[in-house]
Amino acid sequence: MFSSIRDMRVVVFVVDGVADFGYAALIETFNMADGLRSELAEPPAPWQVRTVGFGSSVRSGNGHTLRSVPLDEVGDEFDLLIMPAVNVLGADALVELVASDRALPVLDRIRAARASGAHLAAACTGTFFLAEAGVLDGMAATTSWWLGPAFRRRYPQVELDESRTLCRGRDVTTAGASLSHMDLALWLVHASSPALAELVARFMAVGNRSEQGASVIPEVIARGNSLVAAFERWVRRHVSQPLHIEAVAQHLGVTVRSLERATQAELGMSPRDFANDIRLERAAQLLRSTSLTVAAVASRVGYADVAGLRGLVRRRRGMTIAELRASRLTW
C-alpha cells in the first residue's frame, strides 16, 4: 500500500476529547517500529509521525494536555491521516458530536485529505468521523462492536461488519474497539514492512485479535430496539431449549419476516445467528468456569448432541471446543 513512499509521513489528527489510550497506542506502536528498524537487514523508510490539531494543544478525554502541530502548518504534506477515538461511549452522544457544528472543520479536513490522495484510517469512535465525512460510502468498514447498530442506522451506505477487528482497504482502513488502535498501527506498519510489523508485535506481546466477535455482549447491542431486546430476553430464558424462530415470533406477536428485518437492521444478522451468539456466550462461560462435560454444556445451551455445539464454536470462533475451554481470560 505504501511501497512507493520513501519516508512515511503520518498525521495523527487529534481533537478535544481524544481518547488517551487510543492515541497512546498509535504513538507507541509507531515509535517502537522506528526504534526497531535497525534490527532488520533491509529496514523500511522511517516513520515521520506528527500529532496535529487545530491549535498548539488539545485536551484529552481524561483531561491531559497534548501538544499538537497546528493544522495550518501542515497543509497536505502527509501520506496518511489517522483519526483516533474520542472519549464518547454512548452512541447517541457520539452521533450528536459528529453531526454538530463543532465537527464541521474536522469533516472538512478529512474530505480534503482524501481528495489530496492521503490514505485515511480510524479506530473505535473515530470511525464515525470518517463515515460522517462520507469517505466510507460504498466501502467495507468496521467500528466498535457496541456501536454497530447506531452506525448502521446512520450510515446505511457503508458496508459495515463490526465483527472484524480490522477492515483494510486500498484508500481507507478502519478498526474496532479501543485495543484495535494497536492492531491498526501494526497493520499500517505491515503495509510498509511485514517483517518489521512482526518484530514490533513480538516486542509488544500483541496476540492475534482478528475478530471482535469474542468480545460482543449480545444484550448490549440489542438495547436499541425493543423487539430485538424482547427476542434476546426470550432466547436467554429458553437457552437450553431448541430454537424455533416461528414459535418465538408468534410469542412476540410479530411475523418471522418482521423479526428478521428487526435483527438485520439493528445487528446485521439473522435472528438465528443472534440466538447462536447468545448460546455461544453461555457455552464459553460454562466451559471456562465449570468442569461440566462438553455434552452437558451442549445440552444447557440447546443442543441435543455435541456436534451442534462443536460446529457453532468452529463457525463463530474458528477454534475447537478444547481450545475454547483452554482460552481462559488473562486477567
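The values are calculated or read from the model by the stated rules, or taken from the named source; none is laboratory data. Note that the structure is predicted; figures quoted are calculated from it, not measured. Positions of Cβ are generated from backbone atoms using ideal geometry, with glycine treated the same way; all protein chains shown enter the neighbour counts.
Below is a table of values for the structure above.
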| read-out | value |
| --- | --- |
| Unique residue being surrounded by 12 or more Cβ atoms within 10 Å (Cβ to Cβ) and touching a residue at least 40 places away in the same chain (Cβ under 8 Å) when the list is R317, R310 | R317 |
| Some residue of segment 273-284 being outside the structural domain of W145 (by TED's automatic domain parsing) and outside any helix (DSSP H, G or I) | no |
| Tally of residues being farther than 17 Å from T173 by Cα, without any contact (Cβ under 8 Å) to a residue 60 or more places away in the chain and of a type in the set (A, V, I, L, M) across segment 145-163 | 1 |
| Residue selected from segment 199-213 under the condition under 21 Å from the mean Cα position of the chain (by Cα) and surrounded by fewer than 18 Cβ atoms within 10 Å (Cβ to Cβ), by the criterion modelled with the highest pLDDT | M204 |
| Test: residue in segment 296-306 that is at positive phi, surrounded by 14 or more Cβ atoms within 10 Å (Cβ to Cβ) and of a type outside the set (S, T, Y) | yes |
| Scan of segment 243-271 for residues that are within 21 Å of G302 (Cα to Cα), part of a helix (DSSP H, G or I) and within 23 Å of the chain's Cα centre (by Cα), ordered by number | T263, P271 |
| Hey, L196 farther than 21 Å from A45 by Cα and in the same structural domain as R109 (by TED's automatic domain parsing) or not | no |
| Cβ pairs under 7 Å, 6+ apart, first in segment 229-246 and surrounded by 17 or more Cβ atoms within 10 Å (Cβ to Cβ), second assigned to a loop (DSSP other than H, G, I, E, B) | E232/A222; V239/V301; V239/G302; L243/G302 |
| Selection from segment 126-175 of residues that are modelled with pLDDT under 90 and over 14 Å from the mean Cα position of the chain (by Cα) | G169, R170, D171 |
